[in-house]
1. Looking at the range 47-199, I'd like the Rg to Rh ratio, where Rg is from alpha-carbon atoms and Rh is Kirkwood's inverse mean 1/r.
2. Want the number for A75 to E186: 0.36 nm per residue separation, take away the alpha-carbon distance, what's left?
3. With charges only on Cβ, +1 for K and R and -1 for D and E, what is the dipole size of the range 47-199 about its Cα centre, in debye, rounded to 20?
4. Which entries in the list K154/K197; K81/K107; K81/K168; K107/K154 go over 22 Å, if you measure between the two C-alpha atoms of each?
5. Give a residue-ordered list of calculated ³J(HN,Hα) values for the range 185-200 (Karplus: 6.51 cos²θ - 1.76 cosθ + 1.60, θ = phi - 60°; whole Hz; x for Gly, Pro).
6. G51: net charge of surrounding residues, Cβ under 9 Å, Lys/Arg +1, Asp/Glu -1, itself excluded?
7. Between T122 and V62, what is 0.36 nm times their sequence separation minus the Cα-Cα distance? Round to one decimal in nm.
8. By how many nm would the segment from Q95 to S111 grow when fully extended, if each residue of separation counts as 0.36 nm and the alpha-carbon distance is taken off?
Amino acid sequence: MIIKAIITTTLFKQSWMDGKANFLTKLVLLLALSLTVGASSFAQTPSTYNGVSFSFTLTNGVSEVSTTTFHVGEAILVHPKIDNGSDALFDYMVQDEYYLYRFDLTKAGRSLAIPYRSDRSTLLSIREEDPGIGRKMIPDPIMPNESMTFGALKLADRYDSLVPGTYKLNVEYKTGKIIESNGTFERLRLMYEVSFKVVP
């Protein structure tokens, strides 16, 4: 009976360890897959579509001249712009900024993206997917061969104060144009990227 108990206990421990190992393996693979999918879907977002391009510049809020160097604690403002280089009208959106713009900020030497401010993280995650009940998202047109510059976005509304270093900011913008993608209809998204430095 003692020998049987020892064998049973050993087999149970081995089974438990195998199950734990399998669980950990699956968890690691799942996390890796989710990170890969997230990164690729964002990276594959185009900056232009049929002659229409999205871009942005950065300023410090004091001067209107664009810059890519900021001091610690200095304001960093994002100025989005759409250029309609096509011969047709192009619908843009100007409503809820948290819904229209998705930010992805990384710092040189750091593999993971910088998270949103803790007091805004939940709100931003929700609003990036849903503008909210009662918020009508009505598109307006940009005339052919014309441009539209939108209101400035504050980086501080999404992120804590940045420490010295080199950063890369990706901004994805949801336009007012509806396109078909993989059998479903969704808003066309355009993305642009700018690198900048924060110095003491």
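1. Working: Rg = 16.1 Å, Rh = 16.5 Å.
Ratio of gyration radius to Kirkwood radius for the range 47-199: 0.97.
2. Details: separation 111, 0.36 × 111 = 39.96 nm, distance 3.36 nm.
Gain on stretching A75 to E186: 36.6 nm.
3. That gives the range 47-199 a dipole magnitude of about 460 debye.
4. Beyond 22 Å between Cα atoms: K81/K107.
5. 9, 8, 6, 5, 10, 10, 10, 9, 10, 9, 9, 8, 10, 10, 10, x
6. Working: positive: none; negative: D83, D87.
That works out to -2.
7. Numbers: separation 60, 0.36 × 60 = 21.60 nm, distance 3.05 nm.
Gain on extension, T122 to V62, equals 18.6 nm.
8. Details: separation 16, 0.36 × 16 = 5.76 nm, distance 3.23 nm.
Full-extension gain reported as 2.5 nm.
Here, each number is a calculation from the coordinates, and none is a lab measurement. On a predicted model such as this, the values are computed, not experimentally measured, just so you know. Note that we place each Cβ from the backbone using ideal geometry, even for glycine, and neighbour counts take in every protein chain shown.
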